[in-house]
Amino acid sequence: MRAILLGALLSFVGGAAFADDDFIVGDPNACHLKIEYEAKEQMLHLRPQLPSGTDCHATSDLVEQGLDTALTRYSTLPISLIFLGRLEHYPWLSEDLTEKAIAMSGPSGRWDAIKGHARDGNDNDFVSKALFLRLPVSAVGEFGERPLEPFVSVLAQLGYSVYAVSVEKVMLRSVTGREGHYPYDALVHVRVDKAP
């Protein structure tokens with residue numbers, strides 16, 4: 001009897017509700033999105049991939065579809081983090097980040113292009129704010145849509161909100177016709193809450 005109870009308990013603890021899980025969104029023979037649920041971290045991990053296992057660039061439509069599918073699939077599981085991986089795999093986010101850094105690289109701006117760092121010395125903070133906040137996207141200070149809007153919209157429809165973005169390992173590149181170096185890539189974590 002004890003063996004049966006112990007077996008039942010282990011099967012419950014090791015069951016699907018607590019196990020890591022993954023699935024594919026999009027055409028598996030082309031650039032698609034592999035999404036993994038990592039139970040220990042309460043995290044969705046998005047991985048844009050080609051069939052050969054190499055990287056590809058995810059469109060905002062593919063990301064919206066993937067998040068909608070994942071959040072519906074894991075609706076009974078806790079999710080507090082969405083790990084995007086490398087920002088360069090999401091071209092609209094990478095390009096927006098570089099544009100914002102260019103717009104804020106003047107003499108009194110927050111990005112020092114010549115040194116290739118945020119003026120306050122915190123590159124991670126600069127990138128996280130550029131992704132999360134509606135910052136100027138041009139030298140004249142026009143504000144654009146938040147770059148994470150595809151995420152925010154889908155999350156809101158399913159009862160989630162984005163409360164922070166954290167980044168690490170910011171990478172820089174040169175831009176044709178501009179002096180200096182600008183951010184384009186980083187490892188990105190989107191922190192989310194679900195309304196009770």
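Residues of the stretch 157-186 that are touching a His at 6+ places or on another chain (Cβ under 9 Å), among the aliphatic types (A, V, I, L, M) and not in a strand (DSSP E or B): VAL175 alone. Pairs linking a residue in the stretch 115-132 that is touching a residue at least 24 places away in the same chain (Cβ under 8 Å) to a residue that is part of a helix (DSSP H, G or I), with Cβ atoms under 6 Å and 6 or more positions apart or on different chains, are ALA130/LEU97; ALA130/LYS100.
Of all the residues in the stretch 152-196, those that are in contact with an Asp or Glu (Cβ under 8 Å, 6 or more places away or on another chain), buried (at least 18 other Cβ atoms within 10 Å of the Cβ) and within 24 Å of GLU64 (Cα to Cα) number 5. Applying the criterion of at least 2 residues that are without any contact (Cβ under 8 Å) to a residue 40 or more places away in the chain, open to solvent by 20 Å² or more (accessible area, probe 1.4 Å) and among the aromatic types (Phe, Trp, Tyr) to the strands (runs of 3 or more DSSP E) found wholly in the stretch 28-104 leaves an empty list.
The values are calculated or read from the model by the stated rules, or taken from the named source; none is laboratory data. Only a predicted model underlies this, so the values are computations on that prediction, with no experimental measurement involved. Don't worry about glycine lacking a Cβ; one is built from the backbone with ideal geometry, like all the others, and counts go over all protein chains shown. Surface accessibility is based on the protein's heavy atoms, side chains included, excluding ligands, DNA and RNA. Shrake-Rupley method; radii C 1.70, N 1.55, O 1.52, S 1.80 Å.
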